[in-house]
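To start, the structure itself, in structure tokens.
The values are calculated or read from the model by the stated rules, or taken from the named source; none is laboratory data. Every value quoted in this text rests on a predicted model; they were computed, and no experiment measured them. FYI the Cβ positions are ideal-geometry reconstructions off the backbone, even for glycines, and counts take in every protein chain you see. To get the accessible areas, we keep the full protein, side chains included, count just its heavy atoms, and leave off ligands, DNA and RNA. Shrake-Rupley method; radii C 1.70, N 1.55, O 1.52, S 1.80 Å.
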Amino acid sequence: MPTLSRCLLTMFFALALAGPAQAFSFNDVARRAQSLSERSYEKPDTRLPKEVADLGYDQYRDIRFRQDQSLWRKAKLPFELQFFHPGLYYNQEVKINLVTAQGVTPFRFNPDYFDYGRNNVDRSKLRDLGYAGFRAHYPLNSKNYKDELIVFLGASYFRALGKGQRYGLSARALAVDTGLMSGEEFPHFNEFWVQAPKAGDQELTIYALLDSKRLTGAYQFRIKPGDTTQIDVRSRVYLREEVGKLGVAPLTSMYFFGENQPNQNADYRPEVHDSDGLLVQTDKEWLWRPLSNPRRLLITSFSASGPRGYGLMQRDRDFRHYEDLEARYEQRPSAWVEPKGNWGPGRVELVQIPTPDETNDNIVAYWVPEQLPAPGKPLDVEYTLHWQKLRETRPEGLARAVQSRYGHGLMRGSDDSIRFHIDFEGGALPDLPDDAKLVGGVWVGDNGEILERQTYRNDVTGGWRISLRVKRQDPEKPLELRAVLRNDKDTLSETWSYILPGEPR
């Protein structure tokens with residue numbers, strides 16, 4: 001006799017092949033979010049059975065989803081789903097529903113879908129658990145193997161991949177009060193609806209319900225895998241009460257050390273980071289801010305009447321600059337946020353947090369609207385997230401900063417000045433005549449003074465270099481600098497916008 005779980009799976013396969021889903025839409029989730037916002041927040045039950053709650057890090061990692069139980073595998077559909085077991089940091093139940101032309105069906109937790117490894121677990125005591133999250137698979141790199149495409153796991157975090165990429169930075173639904181003394185609030189996706197694909201489908205649609213103490217939200221993700229995987233995000237957020245700061249379309253990454261901030265602990269690797277800079281496009285200019293690992297919290301921002309785009313980028317794709325055969329940082333994706341419609345005035349904010357190692361995500365970037373709706377009123381935001389590597393977003397027709405270094409060169413006597421070398425490549429630079437004369441347009445903030453400035457061709461790369469020597473007035477305070485390449489009449493590069501963190505005593 002077939003088991004009940006196999007019968008359910010057979011039913012799901014049949015429903016998935018029946019046709020496109022018509023019984024559920026974004027508006028259904030939005031109505032739930034609005035209704036939820038009108039009620040007091042109910043803290044979710046995070047208690048787990050002792051068999052799971054007592055598992056340590058290695059024991060929890062020994063629990064794996066059985067690939068032969070992947071949803072839609074037997075139906076040979078283009079996408080498959082696999083699920084995460086609750087435990088350790090992931091102690092909040094996430095409800096998962098399947099949407100077909102016939103309606104919505106809850107996908108119940110079943111311990112038989114998992115291999116518990118060396119753990120001695122009584123499965124009969126786990127029947128009423130929910131899932132911690134899930135991931136979708138798709139043949140990104142080979143027709144014969146379905147790679148991980150996107151993962152939803154923990155709070156409102158999700159990560160995606162395009163062709164030839166390895167997991168790096170993450171996205172999430174919202175950032176609430178990030179960097180404020182009041183402490184950050186982390187909304188959770190507590191329920192998902194996954195639209196069953198059909199044979200030949202090249203995109204997957206997922207809906208999610210967001211909840212936290214001060215807000216609720218409805219989300220729709222249309223995931224289009226490829227060389228650059230695109231996710232069209234539609235969201236509607238309702239505030240239960242006012243928040244100090246709301247970060248829209250946040251990206252979270254890691255920067256430990258790199259060319260502009262070498263490691264001081266004799267690490268064999270020249271650089272360790274998932275992203276090396278923040279790129280911002282406004283209606284006036286392109287700005288590039290290299291990342292850093294400051295010794296204390298550092299928050300900076302770029303104001304705009306409405307962003308054209310922003311992203312945490314991994315520009316450096318040279319393996320020799322990382323030398324890590326396991327982490328392969330040169331294959332980590334860049335993530336670019338492309339707004340839809342007019343987001344109105346606000347700012348792109350960058351939060352950089354000190355980290356002692358590479359295990360912490362210490363970089364956050366997001367859009368902060370200048371005005372938020374009153375509690376109970378909807379905030380609608382739409383955008384496309386591009387997970388890039390082979391074809392990354394670049395400033396249109398402009399050279400880009402590919403290297404930022406600072407320190408001291410040859411020193412005679414006591415000299416507390418700092419020298420910067422900024423290398424630019426691309427744009428119109430390769431087509432300039434040999435006798436071209438460019439000028440480095442440089443601005444230094446109130447805490448600094450320019451001592452020297454030179455602009456010259458880099459004969460090795462074919463690009464151009466701006467060399468600066470500056471003096472910082474107060475070493476405990478940050479120093480802000482900006483630089484662009486210009487000829488007689490045109491700006492030839494993006495704006496290099498750097499923050500040298502203060503050094504606390």
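Tabulated results
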read-out	value
Efficiency of FRET from Cβ geometry, residue 95 and residue 64, R₀ 22 Å, rounded to 0.05	0.50
Net length gained if the chain between residue 227 and residue 122 were fully extended (0.36 nm per residue, minus Cα distance)	33.5 nm
Accessible surface of the chain, 1.4 Å probe, proportion on carbon and sulfur as whole %	45
Value of relative contact order over region 143-275, rounded to a whole percent, pairs C-alpha under 8 Å and six or more apart	22
Separation between Cα centres of region 205-270 and region 17-83, rounded to whole Å	19
HN-Hα J in Hz across region 307-317 - Karplus 6.51, -1.76, 1.60, θ = phi - 60°, x for Gly and Pro	x, 8, x, 7, x, 8, 10, 10, 6, 7, 10
Relative contact order of the chain, pairs being alpha-carbon contacts under 8 Å that are 6 or more residues apart, as %	12
Long-range HN-HN contacts of residue 384 with modeled amide H, under 5 Å	233, 338, 340
Virtual spin-label span in nm between residue 396 and residue 163, 7 Å along Cα→Cβ	2.5
In sequence order, calculated HN-Hα J values of region 383-393 (Karplus, 6.51, -1.76, 1.60; Hz; x Gly/Pro)	6, 10, 9, 10, 9, 10, 7, 6, 9, 8, 5
Gained length - residue 446 relative to residue 284, 0.36 nm times residue gap less alpha-carbon distance	56.0 nm
Crossing angle, helix 26-37 versus the chain [Cα axis fit, 0-90 degrees, rounded to tens]	90
Computed [θ] at 222 nm, deg cm²/dmol, the chain (DSSP H ≥ 4; -39,500 (n - 2.57); rounded to nearest 500)	-2000 deg cm²/dmol
Region 392-481 - accessible surface per residue (Å², probe 1.4 Å)	58
Net length gained if the chain between residue 503 and residue 112 were fully extended (0.36 nm per residue, minus Cα distance)	135.3 nm
Spin-label proximity, residue 471 to region 441-461 - amide N less than 12 Å from point 7 Å beyond Cα toward beta carbon	448-452
Other-chain or far-sequence residues with amide H under 5 Å of residue 324's (modelled H)	329
Normalised per residue, the volume of the convex hull around the Cα set of region 50-98 (Å³)	96
Residue 213 versus residue 148: modelled label distance in nm, points set 7 Å from Cα along the beta carbon direction	3.1
Loop-exposed chymotrypsin sites (Phe, Trp or Tyr not before Pro) per DSSP, neighbour cap 16 Cβ within 10 angstrom, longest uninterrupted part of the chain	269-505
Residues residue 57 and residue 327, FRET efficiency given R0 of 22 Å [Cβ-Cβ distance, rounded to 0.05]	0.70
Simple Cβ-charge dipole of the chain, Lys/Arg +1 and Asp/Glu -1, about Cα centre, in debye nearest 20	1200
DSSP-assigned coil residues among trypsin sites (Lys or Arg not before Pro) in region 106-168, each with at most 13 further Cβ atoms within 10 Å	118, 127, 143
Förster radius 60 Å - calculated FRET efficiency between residue 35 and residue 267, Cβ distance, rounded to 0.05	0.70
Vicinal HN-Hα couplings computed from phi for region 96-111 (Karplus, 6.51 cos²θ - 1.76 cosθ + 1.60; Hz; Gly/Pro x)	10, 10, 10, 10, 10, 5, 8, x, 10, 10, x, 9, 7, 5, 9, x
Qualifying GluC sites (Glu not before Pro) for region 423-479 [loop in DSSP, other Cβ within 10 Å: at most 15]	476
Amide H within-cut-off set for residue 267, under 5 Å, with H built and near neighbours excluded	none
Mean accessible surface per residue for region 130-200, computed with a 1.4 Å probe while every protein chain stays in place, in Å²	35
